[in-house]
Amino acid sequence: MICLGKERLHLPRGLCFNRLTLTYMYFDNHATTPVDPQVLDAMLPYFKEQYGNPASGNHKKGWDALSALEAARKQVGQIIGANAQEITFTSGATESNNIALLGFARANKDSGNHVIVSQIEHKSVKDTALKLKSEGFDVSFVECNSSGIVSVESIEKVITPKTILISLQAVNNEIGTIQPLEEVAKLAEKKNITLHTDLSQALTTLSIDKNKIPFDLATWTAHKMYGPKGIGALFVRQKSPRIKIEPLLFGGGHERGLRSGTLNMPAIIGFAKATQLAIENRNKDYEHLKNLRDFIWKNLSQKLNGLKLSGDLNQRLANNLNFVLPENVNMEAFLKKISPLCISTGSACTTAQIAISHVLKAIGRTDQEAQRSVRIGLGRQNTFEEAQKAVDLIVDACSLRA
Ligand SMILES: Cc1ncc(COP(=O)(O)O)c(C=O)c1O
C-alpha cells in the first residue's frame, strides 16, 4: 500500500488545513493489520440499521442480532476446527490470555498450584503469569534456545505432579519462530495437564486444527488478521470433565457467564468476515508473504555485511523478519532516513515502555544488538515494488555511520 497525496487534517475547534502526506509503506503487520475493505463492508450495517443487542430476547432486532452472532461464532471457530459453543468473544487476545491463565488457574487451584509458561510469551501471558505468582502460584518460565525455539524437553523437565497449566504460544510475535505446539500438546495430554496456546500471530499463514493438535485453550485476535481492533476469541475445548474457568468480568452473564458485557456486534461480524477471508486466502497469502520475505532477506544479506537474523530461518513465520543491523549504524539517523517505512524496532506492544525486548534478550542478544534490531512484519497488501523500495531504503540508511 503506497499512499501519496493530499490529506485533509481536521484539528480541534474546527480548524483544518491541507498538507502533503509522505509516501509510506506499512511493514508492521505483527503490530496490527489494515482492515480488509470486505471486512469493513460487512461491519457497516451493524453500525447502522442492524444495531440490535443479541441479548434482547423480546423483539426482532434482538433475534436478528442473535442469529448473526451465532453465525459469526461458528465462522470464527472454523479457523481452528472448533464448534461454535467452544468460542467466547472477548475484547482481544490480551483479555483472552488473562481469562485463560487467571481464570483457569484460579478455578483449578485445588488440583495444583504450578503453572508453566515460556519465557518468550507475549506480555499479556507473561505478566499474567507474574500476577498468578503474586497470588501464590508457583510459576516456571521456560527458556528458549538461541534460535528462539522452546523445546519439549525443557518443558517436560519442569513438570511436577502439581502442574495444572502450560502456556506456549504457537508463534512468537517478535522473531516469528514457530514453536513445537503439537509435541507439547501431546505431552500435556499424556500428563493430563491443560495446555493453553496463544495463536494471535499464527492463523493467517499456518493451519492449526484443534482436531489434530490436542490443546485445551486457545486465544487470538481479529486485528492481526485484517479484522477490526477490540475483538478477540477464547477457545475452550468441550470435553468431559468440563474445563473449569472463573470469569474475570461479572454482570449480565453473557457468553455463558464467562464474559459479561454487551457484545460488540460490528466487531464480531468483522472478525467473522476476516476469518472467512483468512481461511480462503491462507495458501495464497503464505506463498506471497514467503516470496516477499525471502526476496527482502536475500537482498539485504547480499548488500549489507554483518546483518544477523534473530530467530530460526526455517521454523519461522512466512511474513516475519527480525534482524540486527550492522555495528556502527547510527540508529537515530537510520530511523529518520527510513521514516517512510513503517517497521518496528521492538515489540509494538512494548515500544511505549522503550524497554529492551525480553524476547531478544532470551535468545542472547546484547542490549546494543537489541537496540539495533528491526522487525519487519509483512502483510497481504504488500507488493514486490514496496519490498524493493524497503531494501533500498534500509541499505541506504545503513551507510549512515555512528
Ligand atoms: C502473540 C500476541 N498475543 C497477544 C497480543 C495482544 O493482542 P490484543 O492487541 O488483541 O490484546 C498480541 C498483540 O501484539 C500478540 O502479538
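The values are calculated or read from the model by the stated rules, or taken from the named source; none is laboratory data. Because the structure is predicted, anything quoted here is derived from the model rather than measured. Cβ coordinates were reconstructed from backbone atoms using ideal geometry, including for glycine residues, and neighbour counts include every protein chain displayed.
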Can you confirm whether segment 252-260 contains a residue that is more than 16 Å from the ligand (Cβ to nearest atom), closer than 20 Å to V171 by Cα and in contact (Cβ under 8 Å) with a residue 12 or more places away in the chain?
no
Looking at segment 182-197 only, could you name the residues that are touching a strand residue (DSSP E or B) at 6+ places or on another chain (Cβ under 7 Å) and within 20 Å of S240 (Cβ to Cβ)?
A185, A188, I193, T194, L195, H196
Filtering segment 216-225 down to residues that are away from the ligand (no atom under 12 Å from the Cβ) and either among the aromatic types (F, W, Y) or buried (at least 24 other Cβ atoms within 10 Å of the Cβ) (or both) yields L217
Verdict on G311 being on the phi > 0 side of the Ramachandran plot, in contact with a helix residue (DSSP H, G or I) (Cβ under 9 Å, 6 or more places away or on another chain), of a type outside the set (S, T, Y) and crowded, with 21+ Cβ neighbours inside 10 Å:
yes
Of all residues in segment 127-155 being assigned to a helix (DSSP H, G or I) and touching a helix residue (DSSP H, G or I) at 6+ places or on another chain (Cβ under 8 Å), the one that is surrounded by the fewest Cβ atoms within 10 Å (Cβ to Cβ)
K131
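Yes/no matrix, rows are residues, columns are (1) in a loop (DSSP other than H, G, I, E, B); (2) surrounded by fewer than 22 Cβ atoms within 10 Å (Cβ to Cβ):
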site	(1), (2)
K157	no, yes
I166	no, no
T205	yes, no
N211	yes, yes
P214	yes, yes
Taking the options T163, T177, name whichever one is within 17 Å of the chain's Cα centre (by Cα) and assigned by TED's automatic domain parsing to the domain that holds R106.
T177
When you scan segment 299-312, do you find a residue that is within 25 Å of H122 (Cα to Cα), within 15 Å of the ligand (Cβ to nearest atom) and assigned by TED's automatic domain parsing to the domain that holds V150, even just one?
no
Residues in segment 153-163: is at least one among the charged types (D, E, K, R), more than 12 Å from the ligand (Cβ to nearest atom) and in contact with a His (Cβ under 8 Å, 6 or more places away or on another chain)?
yes
Can you name the helices (runs of 4 or more DSSP H) wholly within segment 23-114 that have at least 1 residues being more than 16 Å from the ligand (Cβ to nearest atom) and of a type in the set (S, T, Y)?
60-78
Taking segment 190-203 and keeping residues in a strand (DSSP E or B) and either within 13 Å of the ligand (Cβ to nearest atom) or of a type in the set (K, R) (or both) leaves H196, T197, D198
One residue is enough: does segment 376-397 have a residue meeting the conditions within 22 Å of N145 (Cβ to Cβ), assigned to a strand (DSSP E or B) and within 26 Å of the chain's Cα centre (by Cα)?
no
Within segment 294-333, residues closer than 19 Å to T205 by Cβ, hydrophobic (A, V, I, L, M, F, W, C) and modelled with pLDDT of 95 or more come out as F295, I296, W297, L309, L317, A318, L321
If P228 passes every condition in (1) in a loop (DSSP other than H, G, I, E, B); (2) more than 14 Å from the ligand (Cβ to nearest atom) but one, which one does it miss?
(2)
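Yes/no per residue for (1) closer than 20 Å to V171 by Cα; (2) of a type outside the set (A, V, I, L, M, F, W, C):
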position: Q276; (1), (2): no, yes
position: N291; (1), (2): yes, yes
position: N299; (1), (2): no, yes
position: K303; (1), (2): no, yes
position: G311; (1), (2): yes, yes
position: L321; (1), (2): yes, no
position: E327; (1), (2): no, yes
position: M331; (1), (2): no, no
position: L335; (1), (2): no, no
Of the conditions (1) of a type in the set (V, I, T); (2) part of a helix (DSSP H, G or I); (3) within 15 Å of the ligand (Cβ to nearest atom), the single one that V184 does not satisfy is (3)
So C342 ticks every box in (1) at pLDDT below 95; (2) within 16 Å of D28 (Cβ to Cβ) but one. Which box is left unticked?
(1)
